[in-house]
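The values are calculated or read from the model by the stated rules, or taken from the named source; none is laboratory data. What you see is a predicted model; the values in this text were computed from it and never measured. Positions of Cβ are backbone-derived with ideal geometry, glycine not excepted, and every protein chain shown enters the neighbour counts. SASA here: full protein model, heavy atoms, side chains in, ligands and nucleic acids out. Shrake-Rupley method; radii C 1.70, N 1.55, O 1.52, S 1.80 Å.
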Amino acid sequence: MVNKWRGDVALVIDGRQHVARLTLGALVELEDALEEPSLVALVERFEANRFSSRDVLCLLMAGLRAGGSDLTEASLAQASIEGGPMAAARAAAELLARAFAVPA
């Protein structure tokens, strides 16, 4: 079940709903994987639409792991995501937004 107060984002991968969230550990993983000096720099990268498909994959992977998924990066890269690459990018951006905002 998706809990927006916890920062959850739902994503349908290969026909199965997964829940992703960014924990503090996931954010540390992202800073390392995406070689960003700070969380603010990572958010600014997405806000300025300067993100790559690798950025989206890393962000989703970190969120999915933190959400309890057992998907691997290789399986996510080959998976069918409902809504395609644009839905994946929206989910990645939503993960970042929810990690730093209180839901209304």
Practice task
Enumerate the calculated ³J(HN,Hα) couplings along region 90-100 in order (Karplus 6.51 cos²θ - 1.76 cosθ + 1.60, θ = phi - 60°), each rounded to whole Hz, writing x wherever the residue is Gly or Pro.
Solution key: 5, 5, 4, 5, 5, 4, 4, 4, 5, 5, 10
Fill in the blank from the handout: With all protein chains in place and a 1.4 Å probe, residue 31 shows an accessible area in Å² (nearest 10) of 50 Å²
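Leaving ligands, DNA and RNA out of it, rank 53, 75 by accessible area with a 1.4 Å probe, largest first.
Working: 53 95, 75 45 Å².
Ranked list, largest accessible area first: 53, 75.
If you put +1 on each Lys and Arg Cβ and -1 on each Asp and Glu Cβ, how big is the dipole of the chain around its Cα centre, in Debye rounded to 20?
Working: 10 positive and 14 negative charges, 72 e Å.
In total the dipole reaches around 340 debye.
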Exercise for the section: For region 4-99, just the Cα set please: Rg and Dmax, both in angstrom. Expected result: 12.0, 36
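With n ≥ 4 as the cut-off for DSSP H runs, can you work out [θ] at 222 nm for the chain, using -39500 (n - 2.57) per run divided by the number of residues, rounded to the nearest 500? Before the final figure, lay out each step's value.
Details: 5 runs with 55 residues, N = 104.
About -16000 deg cm²/dmol.
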Exercise for the section: Mind checking the full-extension length gain between residue 75 and residue 50? Use 0.36 nm per residue of separation minus the Cα-Cα distance, one decimal, nm. Expected result: 6.5 nm
Handout entry: In Å², nearest 10: area of residue 23 left accessible to a 1.4 Å probe
Key = 60 Å²
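Of 73, 29, which has the most accessible area with a 1.4 Å probe, and how do the rest follow in descending order? Before the final figure, lay out the partial values.
Numbers: 73 90, 29 65 Å².
Largest accessible area first, the residues go 73, 29.
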Fill in the blank from the handout: Extension length gain for residue 90 and residue 4 (0.36 nm per residue less Cα distance), in nm, is 29.4 nm
